[in-house]
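Accompanying notes for the structure given below.
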Amino acid sequence: MIISKTPFRISLAGGGTDLPSYYKIHNGAVINFSIDKYIYVVVKRQLGVVEYKYRINWSTVEFCNSINEINHPIVKKTLQYFNIDFPIQISTFSDVPAYTGLGSSSSLAVGLVYCISKLLNKNYSKNKIASLAFDIESSIKNRIVGKQDHYCASFGGINRFDFLKNERVKVKEISTSNILEIN
């Protein structure tokens, strides 16, 4: 069983410049930080005899025998990407509800990519996990997403992310040692 705890984020500056339609022309940059609210993803390979190949627990429970039957778009695309053809159970829990503007779908994508990659004994870097989670989520029909949420969820902390025309992402951690505390 693999469990991830992936943070949500608050954006400070540069929102919109993380969209491919922008950074592929002008480059983009955002400053954001993760907060102490999380989404938890639990992935368990099912052993023995199971009635359904895929059990997905989110705001509803799905029992499916084919990936194409899965309704949750991020789970479906992630399982397709990794070509998961064995019985698996995926459960999600969150500190905050969906649609709060805190990057919850991207945090879910990052957590799920992390869990499945670990289950398959793949040791991906934070950058690879963020990039892959973005690719998976942006491949969902009619979904326009930027990259900042995936990178903040993967790296955590306070960062500046530069999104370059060549698809590279530069990450610069912002130190909090220069912030004055006033009592």
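Throughout, read-outs are computed from the coordinates displayed, never taken from laboratory work. From a predicted model like this one, the values you see are computed outputs, not experimental measurements. Methodologically, a virtual Cβ is constructed for each residue, glycine included, from the backbone with ideal geometry; neighbour enumeration extends over all protein chains shown.
Here is how the numbers come out for the structure above:
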| quantity | calculated |
| --- | --- |
| Violating pairs (Cα-Cα greater than 26 angstrom) within the set 77/126; 76/170; 37/126 | 76/170 |
| Packing-based exposure ordering (other Cβ within 10 Å, fewest first) of 78, 17 | 17, 78 |
| Between the stretch 113-159 and the stretch 14-28, the alpha-carbon center distance in angstrom | 18 |
| Entry for Cα extents along the principal axes in Å (calculated from the structure that is shown) out of (i) 58, 44, 30; (ii) 49, 45, 39; (iii) 50, 41, 36 | (i) |
| DSSP loop trypsin sites (Lys or Arg not before Pro) with at most 16 other Cβ within 10 Å excluded, longest remaining stretch of the chain | 1-121 |
| Net lengthening on full extension, residue 85/residue 168 (0.36 nm per residue, minus Cα-Cα) | 26.7 nm |
| For the stretch 86-183: rounded, prolate or oblate by the Cα gyration tensor [a/c cutoff 1.5] | prolate |
| Residues 61, 49, 113, 42 arranged by fewest to most Cβ contacts within 10 Å | 49, 61, 42, 113 |
| Environment charge at residue 65 (Cβ cut-off 13 Å; Lys +1, Arg +1, Asp -1, Glu -1) | -2 |
| Environment charge of residue 35, counting only residues whose C-beta is closer than 11 Å and scoring Lys/Arg +1, Asp/Glu -1 | 0 |
| Cβ-defined net charge surrounding residue 3, 15 Å radius [Lys, Arg +1; Asp, Glu -1] | +3 |
| Cleavage-rule hits (chymotrypsin sites (Phe, Trp or Tyr not before Pro)) in the stretch 128-157: DSSP loop, at most 12 neighbouring Cβ within 10 angstrom | none |
| Estimated inter-spin distance, residue 69 and residue 47, nm [label 7 Å along Cα→Cβ] | 2.5 |
